[in-house]
Amino acid sequence: MYRFSYLVNPNVVRVLPSRRWNSTNKKLHKLLSKMPLDPKHIAEAQKQRLKLKQKVTKVSPGIVNLQVLGCGAPGAPASVYLFTDQTRYLFNCGEGTQRLAYEHKTKLSCLENIFMTRTSWERIGGLPGICLTMQDVGVPAVSLHGPPGLEELFKAMRRFVILKDMKVDASEYTTGDVYEDHVMTVRYISIKRDTSNLEKASSPEVCEQEEEALVDETDYYAYERKKEDPKQDGAKGMRGQDWTKREEESVMAYVCKLKPRHGQLSLEKCVDFGVPAGPLLGQLKNGNDITLPDGRIVRSCDVRAPDDPGPVFIFIDIPSREYFKDFQAKAALFAPYQQGATEESDQALFVIHFSPLEVMRCDEYRQFNDCFSASTRHIALNEVNGFTGYIAAHRIQYHLNQLDDKVFPLLREANNDYQTPLSIDSNLLRSSSLSYLHIRPSKGIDRAQEALLNPAEYLNELELLPEFKSALTDLKQQLLPFNERRSAAMRTEQFPRLIFLGTGSSIPNKTRNVSAILILTNAQSSILLDCGEGTVGQIVRFFGKTQAEAVLRSIKAVFISHLHADHHLGLIGLLQVRRKLFGDECERVMLFAPEQISYWLRLYDCRFEGINRDYFLVKNADLLDSPLNDERLLDMGIKEVATCRVRHCPHSFGLALKMVPLGTHPDTGIEGDVKVTYSGDTMPCESLIQLGRDSTILIHEATMEDELAVEARLKMHSTLSQAIEQGRKMNARYTLLTHFSQRYAKIPRLRPEQQQAGLGTDLGIAFDNMEVTLDDLPALCKFYPALKAMFISHFEEMEQKAIKRGNKKMRLEVAKNDTANKECSPTR
């Protein structure tokens, strides 16, 4: 039989290698999995990838795996990963797909085809981030398949999504088109929206604010290149942008059929035909006919068992009832894979439904599902699922919660409301990226059993750490004087409260997401500082589904520090979720951002989905000399908003907020207004010191360790000591460090003398899902010894890397001195 496995627990189930998986492939994947950033490494990885591709195109896959990467639960993308030992395919790529792929060890180095069912942000929001990562691991080219508009999306993002080492091909497809390679054949079925009930305009509608759309010609990554790259050609092609209003008019369904798997080679028949041992056997095994030395031709089919037919699986995404008319009209295109299939092997093995639950419950949709065979398995990737699949976030939160259950509360996603069975249709299968699948042969109620979190396992991991118990005991003792003012009852009434949603830089990993900080300014209001990809998902995990809705409503303002992708790609998702939840009652968000963001947002509003009604722009540059203070801010508990330019990419800003404190314990010694200064991304900067003078809290990026000061300067970031020094120069009362390089996934590395002395009383290290009130600030400096004991293996790994780096530097200096001495010595 054709071996086809369905993986719904990527954290547990591993890919089973076929017999063709050899040591060469392993070495290549080890090379590519290191995610090189050096262009030399990228070129080498691309060369190796092309060489492997030429080799495997002649070989049929032994095992094909279908992995539910994102189950479509609230706060999670809906995405499916199809992979063999040679090739990978991704179906849909919402926000957070990249992080799930990283957590569940999903290799991106062989991903060359991404199939999108729609051009909505819900399906494509993760594309920019995952393409940047694919470029770094050496993927030479990627093909995007889907409805019209994908190519235009990448043109619009070319200022902050720089893909100079990877080609992106986004062709338009329609019904009847076919994609085919050595693994499978994909048939496209375009399903159009019925617009007959909509009022037809006499002429094409032109988007509002066209004249105000500033064409952004800025190269936001020029500072990282030693010489100007001629391939970065400004905003070529942007000035001729089509500003005609376009709405999504079609979605794409995919019918995939795997290629037949060659039957097993019969050695007895080979002997009968006189085939000698050696490479000729391999050619016959791979389906190739051969010619013997005596001139006789041996056909592969004569010495192999019959081929195993490839299974069929279908991807469907019907956004609303407006698509039912064309969906039903094209029923004949799905019929060959339903009950009336001419061959049993043509009956669909899986039907993956991206359609929302309300659509799946419609009679028209039920009738479509009833046409499939009883053996067909239906997988629903939508809000019917509960758990998002980010196990690592829960694991580390259980660890940190042992240090302090107030600063590190358990994620509310794990509450019982997510473990309660949901009522679904009898022929639909509930899926989760955190579940094993138990299939019964009947067409009754088939459900996946959700794998619950295992707190006992996570806590037992701490028990095995040699020095953690004593470090934890010492920490609890040191926290006793602070506990009275930090009671849980008082905490809910204290403002401002800082919640760190993303504390990593550049790309997300399984423990640190990209930049986002939520400041609750009063019971009804909050402001978001930066909004990296997956920010909404972080809010859902931290607060739980029900409370997250109230928090999303409370966000009245968003500050974007600069236009690097890791700081603003979650903004569109945030605006859309608010509109979906609250409709016309949704209050416009006050967006503090560089003026240059307007081109991207207005283009997306015009050519993809309407978002223009969901925000109004306040230009960061307008607040340089005239801080903003108005009634709306006062209602939020914010007295003043001011900005300054910082030393990073063009149009980078820092921020200072003056807020009214509520519910703070008098022993904290904080009187009057609370001033919070946020650095964004920057190297040491005098203007930030002036802006943040006498801050209560400075939140400063600390991307790299001190020994990498040269690299930090080249990338215009700060080291830990530089960030600490910035706080002391501006006389900040407390400094919280964030935006750590992903090489410090769990804990940043301090210098040996800093480790001995510990953090100063004015310092704290930020983690994802960390909540800080003003009363917590004096206690944060006490955590470092226990954190070091908790992450001791990671800490020792960083120390080993530092030693190797030092030894390499010493060897280079010795070699340089030897060369200089030889040049100075007289020749014979």
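The values are calculated or read from the model by the stated rules, or taken from the named source; none is laboratory data. All values derive from a computational prediction rather than experimental measurement. Cβ sites come from the backbone with ideal geometry, for glycine too, and all protein chains shown count toward neighbours. Surface accessibility is based on the protein's heavy atoms, side chains included, excluding ligands, DNA and RNA. Shrake-Rupley method; radii C 1.70, N 1.55, O 1.52, S 1.80 Å.
Taking R0 as 35 Å, what's the FRET efficiency between Ile803 and Asn454 from their Cβ-Cβ distance, rounded to 0.05? All intermediate terms of the calculation are to be shown ahead of the outcome.
Values: r = 36 Å, r/R0 = 1.02.
That gives a FRET efficiency of 0.45.
Between the alpha-carbon centers of region 378-405 and region 684-711, tell me the distance in whole angstrom.
Cα centroid to Cα centroid, the span is 33 Å.
Provide Lys476, Lys155, Lys715 ordered by accessible surface of protein heavy atoms (probe 1.4 Å), highest first.
Details: Lys476 90, Lys155 110, Lys715 65 Å².
Descending accessible area places them as Lys155, Lys476, Lys715.
For the pair Gln328 and Lys107, what calculated FRET efficiency results from E = 1/(1 + (r/R0)^6), where r is the Cβ-Cβ distance and R0 = 41 Å, to the nearest 0.05? Before the final figure, lay out the partial values.
On the way: r = 39 Å, r/R0 = 0.96.
It comes to 0.55.
Quick one: compute the contact order of region 480-548, relative version, from alpha carbon pairs under 8 angstrom and 6+ residues apart, as a percent.
Value for region 480-548: 23 percent.
Mind ordering 631-642, 807-818 by average Cβ neighbours within 10 Å, highest first? It would help to have the intermediate numbers written out before the result.
Values: 631-642: 18.0, 807-818: 10.1.
In descending order of packing, they fall as 631-642, 807-818.
Could you report region 302-397's accessible area per residue, 1.4 Å probe, as an integer in Å²?
Values: 3520 Å² over 96 residues.
Normalised by residue count, the accessible surface of region 302-397 is 37 Å².
For region 472-560, compute Rh as the Kirkwood radius over C-alpha pairs and then the Stokes-Einstein diffusion coefficient at 10 °C and 1.306 mPa s; write the answer in µm²/s, rounded to an integer.
On the way: Rh = 14.5 Å.
Roughly 109 µm²/s, to the nearest whole number.
Give me the percent of the accessible area of region 458-514 that comes from carbon and sulfur atoms, probe 1.4 Å, all protein chains in place.
Values: 1510 of 2710 Å².
Ligands and nucleic acids excluded, carbon and sulfur give 56 percent.
How many angstrom separate the Cα center of region 106-157 from the Cα center of region 283-320?
31 Å
Rolling a 1.4 angstrom probe over the protein chains, ignoring ligands and nucleic acids, what is the accessible area of Ser196 in square angstrom, nearest 10?
80 Å²
Normalising by the residue count of region 684-828, find the relative contact order in percent from Cα pairs under 8 Å and 6+ residues apart.
Details: 157 pairs, mean separation 28.7, N = 145.
Averaging sequence separation for qualifying contacts and normalising by length gives 20 percent for region 684-828.
Figure the gain on full extension for Thr342 and Lys164 (residue separation times 0.36 nm, minus the Cα-Cα span) and round it to one decimal in nm.
Between Thr342 and Lys164, full extension yields 59.3 nm more.
In region 628-757, what is the count of Lys pairs whose alpha carbons are under 25 Å apart, counting only pairs at least 8 residues apart or on separate chains? Could you put the intermediate results ahead of the total?
Working: Lys639/Lys658; Lys639/Lys675; Lys639/Lys729; Lys658/Lys675; Lys658/Lys729; Lys675/Lys729; Lys715/Lys729; Lys715/Lys746.
Close lysine pairs found across region 628-757: 8.
Compute the separation of the alpha-carbon centres of region 509-525 and region 745-797 and state it in Å as a whole number.
19 Å
Over region 557-610, what is the relative contact order in whole percent, taking alpha-carbon pairs under 8 Å and six or more residues apart? Numbers along the way, then the final one.
Values: 28 pairs, mean separation 26.2, N = 54.
Dividing the mean separation by the residue count of region 557-610 yields 49 percent.
Name the residue from Ile765, Gly692, Asn807 whose Cα lies farthest towards the positive end of the charge dipole of region 691-828, charges +1 on Cβ of Lys and Arg and -1 on Cβ of Asp and Glu.
Positive-most Cα among the choices belongs to Asn807.
Leaving out ligands and nucleic acids, note down the accessible area per residue over region 150-195 with a 1.4 angstrom probe, in whole Å².
Numbers: 1980 Å² over 46 residues.
Ligands and nucleic acids excluded, the result is 43 Å² per residue.
Largest first and in whole Å, what are the equivalent-ellipsoid semi-axes of region 707-828 based on the Cα gyration tensor, each being the root of 5 times an eigenvalue?
Numbers: eigenvalues 282, 58, 29 Å².
Those come to 38, 17, 12 Å.
How much length, in nm to one decimal, is gained on full extension between Asn731 and Leu662, taken as 0.36 nm per residue of separation minus their Cα-Cα distance?
Result: 22.5 nm gained on full extension.
Give me the extension gain from Glu180 to Asp405: residue separation times 0.36 nm, minus the current Cα-Cα distance, reported in nm with one decimal.
On the way: separation 225, 0.36 × 225 = 81.00 nm, distance 5.36 nm.
Value of the extension gain: 75.6 nm.
Go ahead and collect, in residue order, the members of region 715-731 whose backbone nitrogen is under 19 Å from a label point 7 Å along the Cα-Cβ direction of Glu753.
It comes to 719-729, nothing else.
Kindly give the semi-axes, whole Å and largest first, of the ellipsoid equivalent to region 683-758, taking each as the square root of 5 times a Cα gyration tensor eigenvalue.
Numbers: eigenvalues 81, 44, 23 Å².
Computed over region 683-758, the values are 20, 15, 11 Å.
At what distance in nm do the modelled label points of Lys476 and Gln690 sit from each other, each positioned 7 Å from its Cα along Cα→Cβ?
5.1 nm
Kirkwood hydrodynamic radius of region 295-357 from all distinct Cα pairs, in Å? Each step should come with its number before you reach the end.
Values: mean 1/r = 0.0676 Å⁻¹.
One over the average 1/r among Cα pairs gives 14.8 Å for region 295-357.
Kindly report the accessible area of region 514-587 per residue (heavy atoms of protein chains, probe 1.4 Å, no ligands, DNA or RNA), in Å². It would help to have the intermediate numbers written out before the result.
On the way: 1820 Å² over 74 residues.
Ligands and nucleic acids excluded, the figure is 25 Å² per residue.
How large, in percent, is the carbon and sulfur part of the accessible surface of region 268-396 at a probe radius of 1.4 Å?
Details: 2920 of 5720 Å².
It is 51 percent, rounded to a whole number.
To check you understand DSSP bridge types, tell me what percent of the beta bridges within region 613-708 (both residues inside) are antiparallel, rounded to 5. Walk me through the numbers before you get to the answer.
Working: 14 of 17 bridges.
Of the beta bridges lying entirely in region 613-708, close to 80 percent run antiparallel.
In what order, largest first, do Trp243, Trp121 sit by accessible area if the probe radius is 1.4 Å? Provide the component values of the computation, followed by the final result.
Working: Trp243 30, Trp121 5 Å².
Ranked list, largest accessible area first: Trp243, Trp121.
At R0 = 45 Å, how high is the FRET efficiency between Ser320 and Ala141 if r is their beta carbon distance? Nearest 0.05 is fine. The partial results should precede the final answer.
On the way: r = 34 Å, r/R0 = 0.76.
Between Ser320 and Ala141 the formula returns 0.85.
Please compute the volume of the convex hull spanned by the alpha-carbon atoms of region 607-749 and report it per residue in Å³. All intermediate terms of the calculation are to be shown ahead of the outcome.
Values: hull volume 24.9 nm³, N = 143.
Per residue, the Cα convex hull of region 607-749 comes to 174 Å³.
Listed highest first by mean packing, meaning other Cβ atoms within 10 Å per residue, what order do 258-269, 65-76, 529-540 come in?
Working: 258-269: 15.8, 65-76: 26.2, 529-540: 28.2.
Per-residue Cβ counts within 10 Å, averaged per peptide and sorted highest first, yield 529-540, 65-76, 258-269.
Heavy atoms only, probe 1.4 Å: what % of the accessible area of region 717-828 goes to carbon and sulfur, would you let me know? Before the final figure, lay out the partial values.
Working: 2860 of 5600 Å².
Ligands and nucleic acids excluded, carbon and sulfur reach 51 percent.
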